[in-house]
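The structure appears below as structure tokens.
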Amino acid sequence: MIRRLELFFENALFASRWILAPFYVGLIFAVLGLLIVFARELLEAMPYTMTMSVEQAILKVLALLDLALAANLVVIIILAGYENFVSKIDTAGHEDRPDWMGTTSFSGLKLKLYASIVAISAIQLLKSFMGIGQKAADPTMLLWMTIIHLTFVGTAVFSALTDFLASKAKH
């Protein structure tokens with residue numbers, strides 16, 4: 001009797017992973033929202049491409065890169081998270097299947113997340129520094145943005161180091 005109850009409980013725990021599936025569906029809608037913002041930004045810039053300065057063009061491209069990186073990050077989280085925590089995605093043999101799918105561990109997913117956050121933070125910081133000529137830059141704000149960016153970098157490096165040391169300890 002106890003063993004059957006234990007088995008039922010364990011099966012229920014295992015099945016509870018499907019509660020995560022709606023989160024991944026919601027993230028698909030988030031990527032669609034980023035696509036809409038990307039298209040709006042691109043379409044708004046097009047009429048001014050012949051008259052904008054180099055700095056304005058770079059700032060616009062950085063904004064578009066920021067959106068693309070954010071969308072990439074969300075897709076990585078959707079695919080790797082679903083495969084790691086819910087169920088395997090049956091696309092084996094599909095020519096467009098990314099090489100990292102099915103091989104990205106939770107640790108690898110975490111590192112991809114950190115790398116994307118650092119890249120997004122770097123773009124925001126670069127946009128702020130490049131926008132200095134357009135408006136009065138607040139040195140305190142730039143300082144805090146730099147500190148926050150360096151905190152992201154440090155977190156990514158320490159996390160990678162921790163994962164590296166943990167993998168060496170297993171061997």
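The values are calculated or read from the model by the stated rules, or taken from the named source; none is laboratory data. Model, not experiment: these values are computed from the prediction. As a convention, Cβ positions derive from the backbone with ideal geometry for all residues, glycine included, and neighbour counts pool all protein chains shown. Surface areas here come from the heavy atoms of the whole protein model, side chains and all, with no ligands, DNA or RNA. Shrake-Rupley method; radii C 1.70, N 1.55, O 1.52, S 1.80 Å.
Only residues that are farther than 30 Å from residue 43 by Cβ and surrounded by 13 or more Cβ atoms within 10 Å (Cβ to Cβ): list them for the stretch 87-103, please. Talk me through it step by step, then tell me what you get.
Within the stretch 87-103, the subset farther than 30 Å from residue 43 by Cβ is 87-95, 97, 99-103.
Result: 89, 91, 97, 100, 101, 102.
Within the stretch 142-171, residues that are farther than 15 Å from residue 105 by Cβ sit with their Cβ atoms under 7 Å from residues that are β-branched (Val, Ile, Thr), at 6+ positions apart or across chains, in these pairs: 152/117; 152/118; 153/118; 156/118.
Just checking: which of the helices (runs of 4 or more DSSP H) contained wholly in the stretch 1-115 hold 3 or more residues that are touching a residue at least 24 places away in the same chain (Cβ under 8 Å)? Let's see the steps before the verdict.
Numbers: elements: 2-15, 21-45, 54-85.
Helices (runs of 4 or more DSSP H) meeting the threshold: 21-45, 54-85.
Scanning the stretch 121-140 for residues that are at pLDDT below 85 and either within 24 Å of residue 76 (Cβ to Cβ) or aliphatic (A, V, I, L, M) (or both) turns up 123, 124, 125, 126, 127, 130, 132, 136, 137.
Confirm whether residue 54 is within 20 Å of residue 130 (Cα to Cα) and surrounded by fewer than 10 Cβ atoms within 10 Å (Cβ to Cβ). Explain how you work it out, then say what you get.
On the way: within 20 Å of residue 130 (Cα to Cα): yes; surrounded by fewer than 10 Cβ atoms within 10 Å (Cβ to Cβ): yes.
So residue 54 fits the description; yes.
Screening residue 5 against (1) over 21 Å from residue 86 (Cβ atoms); (2) open to solvent by less than 90 Å² (accessible area, probe 1.4 Å) leaves a single unmet condition, (2).
Rundown of residues vs (1) open to solvent by 50 Å² or more (accessible area, probe 1.4 Å); (2) more than 24 Å from residue 126 (Cβ to Cβ); (3) of a type in the set (Asp, Glu), yes/no style:
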{"position": "13", "(1), (2), (3)": "yes, yes, no"}
{"position": "21", "(1), (2), (3)": "no, yes, no"}
{"position": "32", "(1), (2), (3)": "yes, yes, no"}
{"position": "61", "(1), (2), (3)": "yes, no, no"}
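Flag: residue 68 does not match the condition of being farther than 24 Å from residue 116 by Cβ, surrounded by fewer than 16 Cβ atoms within 10 Å (Cβ to Cβ) and of a type in the set (Gly, Ala, Ser).
For the stretch 79-95, residues that are at pLDDT 80 or above, touching a helix residue (DSSP H, G or I) at 6+ places or on another chain (Cβ under 6 Å) and over 14 Å from residue 19 (Cα atoms) total 1. Inspection of the stretch 76-86 finds no residue satisfying the criterion of being open to solvent by 60 Å² or more (accessible area, probe 1.4 Å) and either among the hydroxyl-bearing types (Ser, Thr, Tyr) or within 28 Å of residue 36 (Cα to Cα) (or both).
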